[in-house]
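J.: Please read through the structure below; I'll follow up with questions.
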Amino acid sequence: MAEGSGLILSVESSCDETAVALVDGGRRIRSNVVASQADLHAGTGGIVPEVAARAHLRWMLPVLERAVDDGGLRDWGDVEAIAVTYGPGLAGSLLVGLTMAKTLAWLHDRPLVPVNHHEGHIYAAWLVDPGQDEQAAPVFPLVALVVSGGHTFLVEMVDHLTYRLLGQTVDDAAGEAFDKVGRLLGLPYPGGPAIQRAAAQAVRHDRHFPRAWLGEGYDFSFSGLKTAARRIIDAARADAGLPPVEPGAAPAVDLPPAVVAELAWGFQDAVIDVLARKTARAARAVGARSIIVGGGVAANRVLAERLAGEAAELGLPLHVPRPGLCTDNGAMIGAAGARLYAAGARAGLDLDARPNLPLASR
Ligand code: KG4
Ligand code: ZN
């Protein structure tokens, strides 16, 4: 990318975060405003798509105003392009961000850059916070692990915007497993951070959950782990004189916190073990020179520590964004958008939402 490439305004609304950012030169965050709907979805223990879409509609303009203010944007002529997530994600959610971005592109006569949400999670590894010294950028070839609520996959990148899929989940995403098991344990939504917090309280570390290695490849499977978790949790409940968790019923909040902590630890350990070992194995196999991680589950500090250990053993730099840049945000879309813009990616004002958009090389 041409250094000094300009300011990108980016919009993200694919799931349950309404987000707008200003990113300079593809890396430096000028502003990054995220309105999370987590509290809104806590009551239902998961996302109801129409509720998410309506919340985007409510928050999109206030978030845009804050991002413009925080970034000190006075002249829209300073904005080189408008980047927007057009997939994958929830259709109704995507449409709100797309409408916002298209309106800005039309109003200010700026190019519109279509960004794949997965690419955003990958390019979060390049971001630099305001006031922070510029870190060394990830070097190619690299292996990227993307672990979010909707997706889990490993790709090799030999250069910018080129992706070779090494493996992916054959069933549930890792974040989805965190959310479902969190619910079985009676923890609040989203399950990932709640499980991390509970696991940190565990005194005993001897509850073993199964790992699905799926042979020597790089695919993942988390649905068996989820089923096993239900069985293990029910056994722990029986030990405590409690009935099994009712499918679809309100979360069980009655297990003693010490047991919840042990179970949360065991589950988290199983997920992290597979993610970290497969990532390290892939990095070794392709001769990677760096490893990057992105997506909401990468906000898990135990995963980051475990990966740091694996990377150190391989003598490779590991790039894990800070937690707020792992979960959905606008800055990551700006970072990917800047690369795409420099590579000539443009969308017309007829750009449509692509709920099942796959990650593809340019
Ligand atoms: O990337 P993201 O914000 O949205 C999607 O694109 O899906 O990821 C959300 C997922 C949720 O499943 C959430 O439970 C998980 O990321 N998550 C975590 C942590 N923080 C968020 N999982 C494990 N540990 C965390 N600290
Ligand atoms: Zn995401």
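The values are calculated or read from the model by the stated rules, or taken from the named source; none is laboratory data. What you see is a predicted model; the values in this text were computed from it and never measured. Please note: Cβ atoms are built from the backbone with ideal geometry, for glycine as well, and neighbour counts cover all protein chains shown. Just so you know, the surface numbers come from the protein's heavy atoms only, side chains and all, with ligands and any DNA or RNA stripped out. Shrake-Rupley method; radii C 1.70, N 1.55, O 1.52, S 1.80 Å.
J.: Taking the options ALA91, ALA53, name whichever one is in contact with a Gly (Cβ under 9 Å, 6 or more places away or on another chain) and either of a type outside the set (D, E, K, R) or more than 23 Å from PRO355 (Cβ to Cβ) (or both).
T.: Working: ALA91 fails: in contact with a Gly (Cβ under 9 Å, 6 or more places away or on another chain).
ALA53 is the lone residue from the list that is in contact with a Gly (Cβ under 9 Å, 6 or more places away or on another chain) and either of a type outside the set (D, E, K, R) or more than 23 Å from PRO355 (Cβ to Cβ) (or both).
Yes or no, residue by residue, for (1) within 16 Å of ligand 1 (Cβ to nearest atom); (2) part of a helix (DSSP H, G or I):
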residue: THR18; (1), (2): yes, no
residue: LEU40; (1), (2): yes, yes
residue: ILE47; (1), (2): yes, no
residue: ARG58; (1), (2): no, yes
residue: PRO62; (1), (2): no, yes
residue: ARG66; (1), (2): no, yes
residue: ALA81; (1), (2): no, no
residue: SER93; (1), (2): yes, yes
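J.: Would you point out which residue out of ARG54, ARG28 is over 21 Å from GLY150 (Cα atoms) and open to solvent by 20 Å² or more (accessible area, probe 1.4 Å)? Break it down into steps so the answer makes sense when it comes.
T.: Working: ARG54 fails: over 21 Å from GLY150 (Cα atoms).
After applying the criteria, what remains is ARG28.
J.: Does the stretch 107-145 hold any residues that are farther than 18 Å from LEU90 by Cβ and in a strand (DSSP E or B), and which are they?
T.: Selection gives LEU112, VAL113, VAL128, LEU142, VAL143, ALA144, LEU145.
Condition check ((1) at pLDDT 95 or above; (2) closer than 24 Å to TRP76 by Cα; (3) within 15 Å of ligand 1 (Cβ to nearest atom)) across all residues:
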| site | (1), (2), (3) |
| --- | --- |
| HIS108 | yes, yes, no |
| VAL115 | yes, yes, yes |
| GLU134 | no, no, no |
| VAL143 | yes, no, no |
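J.: Pick out the one residue from ALA308, ALA304, ALA283, ALA343 that is open to solvent by less than 30 Å² (accessible area, probe 1.4 Å), away from ligand 2 (no atom under 16 Å from the Cβ) and over 16 Å from the mean Cα position of the chain (by Cα).
T.: Matching residue, one of ALA308, ALA304, ALA283, ALA343: ALA283.
J.: Sticking with this one: Can you confirm whether GLY215 is within 26 Å of ALA125 (Cβ to Cβ), modelled with pLDDT under 95 and assigned to a loop (DSSP other than H, G, I, E, B)?
T.: No, not satisfied.
J.: Something else about it: Please work out which residue is surrounded by the most Cβ atoms within 10 Å (Cβ to Cβ), limiting yourself to the stretch 130-164 and to residues that are more than 18 Å from the chain's Cα centre (by Cα) and charged (D, E, K, R).
T.: Checked the stretch 130-164; the qualifying residue surrounded by the most Cβ atoms within 10 Å (Cβ to Cβ) is ARG164.
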